[in-house]
Every structure is written in C-alpha cells, then in structure tokens.
C-alpha cells in the first residue's frame, strides 16, 4: 500500500513538470529584494534594493526592456508605468532560425517542424510582495507562412514552459539592472 502511494505521488510530481497539453500554463518567478535600511548582518547585500517609490518604475523598466529584447512590443504602456496585478500582452515575437534550432535541440520529443515562421505571444504581470517581486508569464505559440500576414495558434504539443522560463530569466536580469542606482 505504501509503495502504491509513493508511485502515485511520483507520477503526480512528474506530470506537473511536463508541459501542458491542455494549453499554455502560467509560470511564476519570485525575485527577492530588500527595502533601503532594512536587514541586519555583517555582509554586504548584493541583491535588489528597492525603495517603495520605485516599485512601479523598476518593474515597468524590467518588463519593457525584456519585451524589447525578444524583440516584441506591448500594445500600450501607460505614461505612469505598468500597474501591478494587471495583465499585459505582447505582440508576436518571431523566433529566429537559431532560436528554433535551440528549442528543437532541447525539446526532442516536441520539436517544431521547419518551413513555418513561429511567433510567441506572452501574457505578463507582476506583483510586489513582502520581500519579493512576483512575475507571472504565459507563452502562446503561433505560426504563419512566409507570405501570409495571418497568424494561427499552434495546436500541436509544444513546450510553452521553455519560452516562459526564457522570458522570465530576461525579466529577472532586467530587474537587477533597472533597480541599480543611476
């Protein structure tokens, strides 16, 4: 009986790590930070130090810079920055042939066929929690033909987590850059 429970738990954990075939899932990343003047200890803190007045500015900078590096864009960026707990959607970030080759290399069981143009649309949001910035991303894959202006949602199995994690990594790097005093 104990072995059966172990096998069921192992299967459930393993299935959580696999990409979803029911559609893209939201991937989360928490980036720790400290407020100025907070904390104790003898060592120098090398992570993000974020003043409350800079929450929106730093998160807007991090997300916008990561989106531009895709390259992609956001439909609208408010003059006062991106609001926390709001969902923002990018336009199509076209995959280069190198990016497609790298995806296929790392995802042998869910390779994307050649001969199409692929683009990823990201939904992104952030939230400032006590001691951490929480970023949430969902990646949706689309394709088109070389002479077509219409994009179609990719309906076969693919690893949406691969794209989300890469984008979250870029956001995290930008958060560190954007939080540094100028």
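Values in this text are rule-based calculations from the coordinates and carry no lab data. Treat the numbers as computed from the prediction; the structure is a model and nothing was measured. Cβ atoms come from the backbone with ideal geometry, glycine included; neighbour counts cover every protein chain shown.
Report the full-extension gain for the segment residue 91 to residue 134: residue separation times 0.36 nm, less the Cα-Cα distance, to one decimal in nm. Write out the running numbers ahead of the final one.
Details: separation 43, 0.36 × 43 = 15.48 nm, distance 2.21 nm.
Working it through step by step, the gained length comes to 13.3 nm.
What's the exposure ranking of 48, 77, going from fewest to most Cβ atoms within 10 Å? Please list the in-between numbers first.
Details: 48 20, 77 14.
Final ranking by Cβ density, sparse to dense: 77, 48.
Pairs of alpha-carbon atoms within less than 8 angstrom and 6+ residues apart define the contacts here; what relative contact order does the stretch 24-179 have, in percent? Before the final figure, lay out each step's value.
On the way: 250 pairs, mean separation 49.9, N = 156.
Value for the stretch 24-179: 32 percent.
How high is the relative contact order of the stretch 84-173, in percent, counting Cα pairs under 8 Å that sit 6 or more residues apart?
27
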### Query
Which part of the stretch 156-182 falls in the paramagnetic zone of residue 51, meaning amide N under 11 Å from the point 7 Å along Cα-to-beta-carbon?
181-182
## Note on the structure
Pseudo-spin-label distance residue 68 to residue 176, built 7 Å along Cα→Cβ, given in nm, is 2.0
### Summary
Binned at 5 Å starting from 0, the alpha-carbon pair-distance distribution of the stretch 24-179 in whole percents comes out as 2, 9, 18, 20, 16, 12, 9, 7, 4, 2, 1, 0, 0
